[in-house]
1. Shape call for the stretch 46-162 from the C-alpha gyration tensor, a ≥ b ≥ c root eigenvalues: rounded (a/c under 1.5), prolate (a/b greater than b/c) or oblate?
2. Which of the peptides 69-76, 183-190 is most tightly packed, and how do the rest follow, going by the mean number of other Cβ atoms within 10 Å of each residue?
3. How would the stretch 127-212 be classified by its alpha-carbon gyration tensor: rounded, prolate or oblate, with rounded meaning a/c under 1.5 and the a/b versus b/c comparison settling the rest?
4. Can you tell me the relative contact order of the stretch 158-212? Whole percent, Cα pairs under 8 Å, sequence separation 6 or more.
5. Would you mind working out the accessible area per residue for the stretch 110-212, using a 1.4 Å probe, and quoting it in Å²?
6. 7 Å from Cα along Cα→Cβ at both Ser177 and Thr95: what's the point-to-point distance in nm?
7. Could you work out [θ]222 nm for the chain from helices alone, using -39500 (n - 2.57) per DSSP H run of at least four and dividing by all its residues? Round to the nearest 500 deg cm²/dmol.
8. Quick check: at a probe of 1.4 Å, how many percent of the accessible area of the stretch 74-212 sits on carbon and sulfur atoms?
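The values are calculated or read from the model by the stated rules, or taken from the named source; none is laboratory data. None of the values given here were measured: they were computed from a predicted structure. Every residue, glycine among them, receives a Cβ derived from its backbone with ideal geometry; neighbour counts consider all protein chains shown. To get the accessible areas, we keep the full protein, side chains included, count just its heavy atoms, and leave off ligands, DNA and RNA. Shrake-Rupley method; radii C 1.70, N 1.55, O 1.52, S 1.80 Å.
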Amino acid sequence: GSDSQPAPGLEQAGALFALAHLGQLQLALTLLNEIWRSGNISPHGAAALIDEGIRSENASLQSLAAETLEVNADRLLTDGGGAVWPGSVDLTWSTELPLNARYNILGAFLKVILSRPVAEWDEGYLNSLLITLDHARHEDESLNVRATATSLMRLLFEIPGFDTGILPTDKGELQLSTLSQEVRDSSDDLASEVPIDFSKRISEEGLQWVED
């Protein structure tokens, strides 16, 4: 039982990292999915392993890592209103990843956002999410990915009062009211480019989440 194993998560995370460093990253990511379901790994350990997969230059590993991230995104929440996120997709966007992996990452963002009530999120964390999505909105070569990132930003801007203040970015300070207006304008033009399952989830679950 759990009494005799004070830290099974640490042991299992250690075993998975050992596998990854022996060149068995695919096996480690597959096992991560199983172990995570039983709750036996910390969000930090899991995010670090997914990060290894995303940073690998192997398209199938990147896809597996991104898919694992989306499936388990709601398990990355931390106390204090934040979430742990793989460093390779935190405050930055990778256009080198396979298209399906980039969609999985956006799906993970939506899933994690919806997994706790608006009022319980730390605003600073949601701001960091906004920066990542803004990178995707500007940098991705796929119009559909850019449209999807824009629709996720618009969802965040539906939170009352979220569009006030200043967002520090690598390009300098950004007025959130200006960004909000820009996102609203472009999301109307791009609405038809958002994949149907995404726009359905945003219009149904997302808007419900904002109102709760």
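1. Because a/c hits 1.5 or more and a/b fails to exceed b/c, the stretch 46-162 counts as oblate.
2. The peptides rank, most packed first, as 69-76, 183-190.
3. Details: a/c = 2.01, a/b = 1.19, b/c = 1.69.
Since a/c reaches 1.5 but b/c is at least a/b, the shape of the stretch 127-212 is classed as oblate.
4. 29
5. 49
6. Placing both labels 7 Å beyond Cα along the Cβ direction yields 3.2 nm.
7. Working: 10 runs with 127 residues, N = 212.
Taken over the chain, the calculation gives -19000 deg cm²/dmol.
8. Ligands and nucleic acids excluded, carbon and sulfur reach 48 percent.
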